[in-house]
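A short worksheet on the structure shown next.
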Amino acid sequence: MPRSRSTLLTVSLAATLAGALLLPAALATAAESKSTVVVARDPQSIDARNRADAARVTRLFERALLAFTGKGSAPEAWRELGLVPTDVVAIKVNCNDWTIRLSPHPELVTALTKSLATVIPENQIIVYERRTSDLKNAGFTPNTSAVGVRFFGNDEGGGYDPEQRLTRIVTKTATKIINLASLKTVDGSGVVAKLTNLVVGGSSDGFGMSCFLKNHVGSLVDEDMSKCHNDPDMLAEIASRPAIRQKTMLVLADGLRATYQRGVPWYWGGIILGKDPVAAETVAFQVVNEKRVAEGVAPLALPGHVRTADATYHLGNSSLERIARVDLTTSD
Amino acid sequence: MGLESVGVVAWVVAAAALSAPPAVKPVATLDGFVLQTLPRGFALESEPEIYGTPEHKEKSGTVFDYIDGGGQVYIAHGLRKLLHVRMRDAEQRVLTLDVFDLASPANAAAALADEGICAPGSKPVDVGVPARVHHYPPEYLLYLVKGRFLVYLAATDELADVVRALARQAAAAIP
């Protein structure tokens, strides 16, 4: 790391410790009883044409991982998260190729897989999406061979589990799951907002965001996918299915390029990392709302399905009082 | 008819066949929309796809198979069918053309005005019909309406001229 780069660490514990300067190990201790979510930024990790700087993205990810676990190296961090050498890790990505391109940046995926490969062989890592063609369109090279990280879709994943109605990549092949979402705002406007308000009983924005809780819609049997559009609480239910709930070891959002309004891009240059998907989703809303307020756009209310994930399915914490947000900012 | 007359008729038929323009298969069609050619240097990446609604699936499935939850807004605006064409040139640059049949001109106009489709911040662009464009580097996105169709074009901004030319061509392809 160049000497000119400085790292600012801040932790917000229900806003009472906001701005306090602490070391990563201390952060883990201070936040022990809460769900820790790391918000790491390096504005120079991405340029204004959506080109990521691989070296900076790698450092960004490593720093976030180590801060989250309080460990000093990637292998230690992964072991802390429960990874063992025999594990097969499935990484669910969300390839957004429609209008604004918000597919996961290959540089971040590479940083993640290289880091995992300090503990498990690369071929025990599967990056998957609904269809292999989705991955291809997002810039990944499909690979089902016995060499290197595997990239393929549910369409080549051995079918679906009839009980959980999820791809067998999740239910059978993988022993651990990483939820790699995109920081995508889908706030309602126009006709859909009016319809959504009726459907979800007055919730102002329907999904609000397509982030961690929506990512596993792409793990569903095809015919079930569109059902969630009229039932946002289904997102919480999907995340509670045994394979997803029990195997998820990390959630990570790619916010190098994000949207803070539907269809309006924003080069945020950051990632959100944690283990609790509900807390991470709540912090993702917080991050987006900080930008919306700065841009004079009304903030999004936390939608019902996030609260349902907490209160009904006990998947994690949706209350900021029970979340320890750790901010890491890298700048030269 | 004598042999001489038969010969004349045969000659006329043969000549007509030779002088007629060769029958060219359109690149992509959707009911009233017929795209005859692709922009110079581009080829179809795959066969054009046609999507329908959950009630009326088409050969490629429903709009949700293509754009997931993004399909809701088009259903709300009366979507009947969607043609999706993806093209690529030798430099691996991708050009997308989507044609939404929204059942009526009023639906198509309302869709263009809906920020759930054409996000805030778009600007009008002159392609001969009502149209709006977003330039979010590196993307260049263009929406136009003609008749009951909403047409969406997307590419990187280095292809902005190609997008505008294809927009004019697409508009002309709608009767």
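The values are calculated or read from the model by the stated rules, or taken from the named source; none is laboratory data. Keep in mind it's a predicted model, so treat the numbers as computed, not measured. Glycine gets a Cβ as well: all are built from the backbone with ideal geometry, and neighbour counts include every protein chain shown.
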Members of the stretch A:145-165 that are on the phi < 0 side of the Ramachandran plot and assigned to a loop (DSSP other than H, G, I, E, B)
A:S145, A:A146, A:V147, A:V149, A:G157, A:P162, A:E163, A:Q164
Which number in (1) in contact (Cβ under 8 Å) with a residue 12 or more places away in the chain; (2) away from chain A (no Cβ under 14 Å) marks the one condition that B:L150 misses?
(2)
Any chance the stretch A:92-105 includes a residue that's farther than 30 Å from B:G71 by Cβ and over 16 Å from the mean Cα position of the chain (by Cα)?
no
When you scan the stretch A:33-60, how many residues do you find that are touching a residue at least 60 places away in the same chain (Cβ under 8 Å), of a type outside the set (K, R) and closer than 20 Å to A:W266 by Cβ?
15
Does A:S12 count as crowded, with 20+ Cβ neighbours inside 10 Å, modelled with pLDDT under 95, closer than 30 Å to A:P265 by Cα and not basic (K, R)?
yes
Does A:L108 satisfy the condition of being assigned to a loop (DSSP other than H, G, I, E, B) and buried (at least 19 other Cβ atoms within 10 Å of the Cβ)?
no
Of (1) among the polar types (S, T, N, Q); (2) at pLDDT below 95; (3) in contact with a strand residue (DSSP E or B) (Cβ under 7 Å, 6 or more places away or on another chain), B:T96 satisfies every one except (2)
Please go through the stretch A:59-79 and give me each residue that is closer than 21 Å to A:R325 by Cα and not aliphatic (A, V, I, L, M), ordered by number.
A:R59, A:F61, A:E62, A:R63, A:F68, A:T69, A:G70, A:K71, A:G72, A:W78
Would you please name the residue that is farthest from A:D187 (Cα to Cα), looking only at residues in the stretch A:300-332 that are surrounded by 17 or more Cβ atoms within 10 Å (Cβ to Cβ) and without any contact (Cβ under 8 Å) to a residue 60 or more places away in the chain?
A:D310
Go through the residues of the stretch A:236-246 one by one and say whether even a single one is closer than 18 Å to A:G208 by Cβ, modelled with pLDDT under 95 and within 14 Å of another protein chain (Cβ to nearest Cβ).
no
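Which residue, of B:D161, B:D101, B:D157, is surrounded by fewer than 17 Cβ atoms within 10 Å (Cβ to Cβ), charged (D, E, K, R) and more than 13 Å from chain A (Cβ to nearest Cβ)?
B:D161
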Filtered residue count, the stretch A:56-99, keeping only those that are at pLDDT 95 or above, within 30 Å of B:V63 (Cβ to Cβ) and out of contact with any helix residue (DSSP H, G or I) (no Cβ under 6 Å at 6 or more places or on another chain)
2
Select from the stretch B:122-139 the residues that are within 11 Å of chain A (Cβ to nearest Cβ) and either buried (at least 21 other Cβ atoms within 10 Å of the Cβ) or without any contact (Cβ under 8 Å) to a residue 12 or more places away in the chain (or both) and list them in ascending order.
B:H134, B:Y136
Could you list, in sequence order, the residues of the stretch A:272-315 that are touching a helix residue (DSSP H, G or I) at 6+ places or on another chain (Cβ under 6 Å) and under 15 Å from A:D233 (Cα atoms)?
A:P277, A:V278, A:E281, A:L302, A:H305, A:V306, A:T308, A:A309, A:D310, A:Y313, A:L315
What pairs can you find where one residue is in the stretch B:51-69 and in contact (Cβ under 8 Å) with a residue 24 or more places away in the chain and within 11 Å of chain A (Cβ to nearest Cβ), the other is part of a helix (DSSP H, G or I) and buried (at least 19 other Cβ atoms within 10 Å of the Cβ), and their Cβ atoms are less than 7 Å apart, with a gap of 6+ or different chains?
B:T53/B:V63; B:T53/B:I75
For B:E49, state whether it is more than 21 Å from A:K227 (Cα to Cα) and touching a helix residue (DSSP H, G or I) at 6+ places or on another chain (Cβ under 6 Å).
no
Checking B:A108, B:A90 in turn, the sole residue that is more than 9 Å from every other protein chain (Cβ to nearest Cβ) and more than 18 Å from the chain's Cα centre (by Cα) turns out to be B:A90
Residues being of a type outside the set (A, V, I, L, M) and more than 20 Å from B:A173 (Cα to Cα) - total across the stretch B:120-162:
15
Taking the condition at pLDDT below 95 and at the interface with chain A (Cβ under 8 Å from one of its Cβ atoms), does B:A119 pass?
yes
Looking at (1) closer than 30 Å to A:T175 by Cβ; (2) in contact with a strand residue (DSSP E or B) (Cβ under 8 Å, 6 or more places away or on another chain); (3) at pLDDT below 95, can you tell me which one A:I271 breaks?
(3)
Filter the stretch B:31-50 down to the residues that are of a type in the set (D, E, K, R) and more than 14 Å from chain A (Cβ to nearest Cβ), then identify the one that is nearest to B:M87 (Cα to Cα).
B:R40
Take the residues in the stretch B:70-84 that are away from every other protein chain (no Cβ under 11 Å) and of a type outside the set (A, V, I, L, M); name whichever of them is nearest to A:E129 (Cα to Cα).
B:K81
Taking A:L102, is it out of contact with any Lys or Arg (no Cβ under 8 Å at 6 or more places or on another chain), over 20 Å from A:D276 (Cα atoms) and modelled with pLDDT under 95?
no
